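Trainee: Quick one: this structure, given as C-alpha cells, is what I'll be asking you about.
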Amino acid sequence: MEKKKIKRDIMLISTLIIVCAAAFLIINFVVKKDGITAVVKVDGNIVYMLPLDKNASVTVEGYQGGSNTVVIENGTVYMKDADCPDKLCEKTGKINKNGETIVCLPHRVVVEIQGGEGNVDSLVR
Ligand SMILES: [Zn+2]
C-alpha cells in the first residue's frame with residue numbers, strides 16, 4: 001500500500017513539474033522579456049520569431065505562393081526581397097522600434113517588432 005502511494009505521489013509531482021516547465025517555456029516564448037523580437041506573420045499566423053540581436057535571413061512563403069525575404073541585420077529588420085506587385089514592403093525600409101511593422105498586403109505578410117523595455121501593452125494585444 002505504501003509503495004503504491006509513493007508511486008502515485010511521484011507521478012503527481014512529475015506531472016506538475018512537466019506542466020510547470022511547459023507553462024514556463026510557453027510564457028518565455030510568447031512574452032520574451034529580454035531583447036526585441038521580430039515577429040513574422042503570414043495571414044495572421046506567426047511563422048517566425050527572430051531576436052533582433054542575431055543577424056538572420058529568412059524566406060517566408062506568403063499568401064498565394066508569394067515569397068518575402070526578411071533580413072535581420074545589426075538590430076534592424078527589413079524586407080530584402082519580395083515578389084509582390086507593389087513592393088511597398090521593400091520600400092518600408094528598416095525598422096527596429098517596438099510596434100513598428102512592415103506589411104506586405106498582397107502576400108499577407110506582417111513583420112512586427114515586439115518586446116523591449118516598457119512596451120508591455122503591445123505584448124498583451
Ligand atoms: Zn510586398
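Trainee: If pairing requires two Cys Cβ atoms under 4.7 Å apart, which cysteines of the chain are left without a partner?
Mentor: Among the cysteines of the chain, those whose Cβ sits 4.7 Å or more from every other are C20, C84.
Trainee: Further question: Heavy atoms only, 1.4 Å probe, whole protein assembly: order R108, R8 by accessible area, highest first.
Mentor: Numbers: R108 105, R8 155 Å².
Descending accessible area places them as R8, R108.
Trainee: Another question, then. Hey, what's the Kirkwood Rh for segment 34-124 if you take every pair of different alpha carbons, in angstrom? It would help to have the intermediate numbers written out before the result.
Mentor: Details: mean 1/r = 0.0780 Å⁻¹.
This gives a value of 12.8 Å.
Trainee: List the residues, sorted by chain then number, that are 5 or more residues from R108 or on another chain and whose placed amide H is less than 5 Å from its amide H.
Mentor: Result for R108 returns Y63.
Trainee: How much FRET efficiency would the formula 1/(1 + (r/R0)^6) give for T59 and A23, where r is the Cβ-Cβ distance and R0 is 41 Å, rounded to 0.05?
Mentor: Numbers: r = 32 Å, r/R0 = 0.79.
So, using R0 = 41 Å, E works out to roughly 0.80.
Trainee: What does the accessible area per residue of the chain come to in Å², with a 1.4 Å probe and no ligands, DNA or RNA counted?
Mentor: Values: 8560 Å² over 125 residues.
Counting only protein heavy atoms, the per-residue value for the chain is 69 Å².
Trainee: Counting only helical runs of four or more DSSP H residues, what would the 222 nm mean residue ellipticity of the chain come to if each run contributes -39,500 (n - 2.57) and the total is spread over all its residues?
Mentor: Details: 3 runs with 39 residues, N = 125.
-10000 deg cm²/dmol, from helical runs alone.
Trainee: Follow-up question, since we're still on this one. Taking the chain as the reference, fit the longest principal axis to its C-alpha atoms, fit the long axis of helix 2-30 to the helix C-alpha atoms, and give the angle between the two in degrees, 0 to 90, nearest 10.
Mentor: 10 degrees
Trainee: With a cut-off of 8 Å between alpha carbons and a minimum separation of six or more residues, what is the relative contact order of segment 62-105 in percent?
Mentor: Values: 60 pairs, mean separation 13.2, N = 44.
The value is 30 percent.
Trainee: All other residues with a Cβ under 12 Å from the Cβ of N68 taken together, and with Lys, Arg as +1 and Asp, Glu as -1, what is their net charge? Please report the intermediate quantities before stating the final value.
Mentor: On the way: positive: K41, K80, K87, R108; negative: E61, D81, D83, E90.
Every neighbour counted, the sum reads 0.
Trainee: Output the relative contact order of the chain, whole-number percent, from Cα pairs under 8 angstrom with separation of 6+ residues.
Mentor: Working: 219 pairs, mean separation 27.2, N = 125.
Across the chain, relative contact order equals 22 percent.
Trainee: From the P(r) of segment 1-87, can you give the percent of Cα pairs sitting at distances over 20 Å? Each step should come with its number before you reach the end.
Mentor: On the way: 2064 of 3741 pairs.
Above the 20 Å cut-off, segment 1-87 has 55 percent of its Cα pairs.
Trainee: Here's something else I'd like to know. Please report the carbon-and-sulfur percent of the accessible area for segment 1-113; probe 1.4 Å, protein heavy atoms only, DNA, RNA and ligands left out.
Mentor: Numbers: 4670 of 7630 Å².
Roughly 61 percent, rounded to a whole number.
Trainee: Quick check: net charge around I113, other residues with Cβ under 10 Å of its Cβ, Lys/Arg +1 and Asp/Glu -1? Numbers along the way, then the final one.
Mentor: Numbers: positive: K97; negative: E100, E112.
That works out to -1.
The values are calculated or read from the model by the stated rules, or taken from the named source; none is laboratory data. Only a predicted model underlies this, so the values are computations on that prediction, with no experimental measurement involved. Using ideal geometry, Cβ is built from the backbone for each residue, glycine included, and neighbour counts are taken over all protein chains shown. Only protein heavy atoms, including side chains, enter the accessible area calculation; ligands, DNA and RNA are left aside. Shrake-Rupley method; radii C 1.70, N 1.55, O 1.52, S 1.80 Å.
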